[in-house]
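The values are calculated or read from the model by the stated rules, or taken from the named source; none is laboratory data. Everything quoted here is computed from the prediction, not taken from an experiment. Cβ sites come from the backbone with ideal geometry, for glycine too, and all protein chains shown count toward neighbours. Ligands, DNA and RNA are stripped out before the accessible areas are found, and what is left, the full protein with its side chains, is counted by its heavy atoms. Shrake-Rupley method; radii C 1.70, N 1.55, O 1.52, S 1.80 Å.
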Amino acid sequence: MEQRALGRSGLASSAIGLGCMGMSDLYGPANEQDGIATIHAALEAGITLLDTGDFYGMGHNEMLIRDALRSAGGNKRDNVLLSVKFGALRDASGNWAGYDCRPAAVKNFLAYSLRRLGTDHLDIYRPSRLDPAVPIEETIGAIADQVKAGYVRHIGLSEVGVETIRRAHAVHPISDLQIEYSLLSRGIEKDILPTCRELGISVTAYGVLSRGLISGHWDPSRKLAPGDFRGFSPRFSSENLAHNLALIEVLRNIATEKQATPAQIAIAWVLAQGSDIVPLVGARRPERLAESLGALNVKLDAADLSRIEQAIPAGAAAGERYAPTLMAHLDSEKSHGS
């Protein structure tokens with residue numbers, strides 16, 4: 001497995017990471033055994049970065065990862081990077097209730113994550129969103145205290161803009177910015193990605209298949225399960241869906257030429273944007289993970305990239321990447337479009 005640096009501190013990750021959210025939450029019912037099998041398959045394939053959030057399934061996802069690592073045999077914990085987001089508040093019904101990134105909350109959330117994951121440290125810890133009531137310097141300073149205490153190794157950020165990145169990095173070196181980046185979500189290219197590169201901050205890109213929209217597997221007639229947040233996503237709405245699905249026909253054509261799949265082309269495109277970018281794939285079953293990993297064997301040349309750019313230029317997607325209420329929480333969207 002190819003390795004890619006996360007920041008300038010010597011931290012290295014597999015070229016592709018595994019995003020574990022869907023194994024517990026937000027995409028409808030998930031099979032726990034499938035999730036564990038997928039994590040096992042990822043470890044066998046050489047994936048070292050496992051990404052989660054303490055609010056994914058309200059702790060369920062962290063415990064799922066713990067069980068998967070324990071049942072994989074050997075001391076797998078030492079061979080993986082556990083990346084955890086915190087700060088999002090939810091109630092017993094799963095509803096969202098804002099964010100809390102106060103220093104006291106940092107210590108509290110971290111203590112619970114360590115217990116659920118069955119570990120004595122987290123490799124990367126990051127606020128899931130900017131808390132508008134708390135200066136980012138206070139949040140990062142509180143995590144830095146946990147770095148000094150040995151409970152956290154590196155500090156990351158998620159979905160924040162240029163000013164916040166600079167302010168956070170001035171307090172403590174930031175390893176990576178986790179943010180949506182795909183052929184349909186290229187807002188980071190104007191300011192955020194150049195700023196990260198200036199400061200030596202890597203990007204862990206989620207949503208590389210736009211929640212399945214550009215995977216080549218999406219059926220316009222598909223009925224979403226209760227709890228699947230794509231039912232509220234503007235890009236999946238009836239007025240936008242046909243437009244967005246038509247965009248990926250070029251991916252199908254290139255995939256046919258390269259004996260690959262549209263999903264592999266989409267992931268290969270993200271991989272080709274720079275060695276400082278690590279795509280996070282959100283596979284929930286081993287077979288989907290295997291398909292995603294096949295992107296590592298796809299090489300897109302300049303002509304391929306040009307064809308893709310002409311067919312899917314920046315801003316080509318119809319609809320924002322989140323519903324308006326969620327977009328309002330994205331510090332990363334304050335100065336640019338999606």
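Some points to look at:
- Condition broken by Leu300, with the remaining ones in (1) under 19 Å from Leu213 (Cβ atoms); (2) without any contact (Cβ under 8 Å) to a residue 60 or more places away in the chain satisfied: (1)
- Meets criteria (in contact with an Asp or Glu (Cβ under 9 Å, 6 or more places away or on another chain), open to solvent by 20 Å² or more (accessible area, probe 1.4 Å) and on the phi < 0 side of the Ramachandran plot) for Pro286: yes
- Test: Ile39 is under 17 Å from Phe86 (Cβ atoms), touching a helix residue (DSSP H, G or I) at 6+ places or on another chain (Cβ under 7 Å), open to solvent by less than 10 Å² (accessible area, probe 1.4 Å) and among the aliphatic types (A, V, I, L, M): no
- Of all positions in region 82-101, none carries a residue that is out of contact with any Lys or Arg (no Cβ under 7 Å at 6 or more places or on another chain) and in a helix (DSSP H, G or I).
- Residue match in region 243-251 (condition: of a type outside the set (Asp, Glu), at pLDDT 95 or above and assigned to a helix (DSSP H, G or I)): no
- Region 220-260: number of residues that are touching a Gly at 6+ places or on another chain (Cβ under 7 Å), under 27 Å from Leu296 (Cα atoms) and open to solvent by 30 Å² or more (accessible area, probe 1.4 Å): 1
- Yes/no for Asp51 being open to solvent by 30 Å² or more (accessible area, probe 1.4 Å) and of a type outside the set (A, V, I, L, M): no
- Annotation note: of Arg222, Arg211, Arg153, the sole residue that is in contact (Cβ under 8 Å) with a residue 24 or more places away in the chain, charged (D, E, K, R) and more than 22 Å from Cys101 (Cα to Cα) is Arg211.
- For region 53-81, the set of residues classified as in a loop (DSSP other than H, G, I, E, B) and farther than 23 Å from His329 by Cα consists of Ala72, Gly73, Gly74, Asn75, Val80, listed by residue number.
- Of Ser306, Ser210, all but one fail to be more than 24 Å from Leu177 (Cβ to Cβ) and either polar (S, T, N, Q) or touching a Cys at 6+ places or on another chain (Cβ under 8 Å) (or both); the exception is Ser306.
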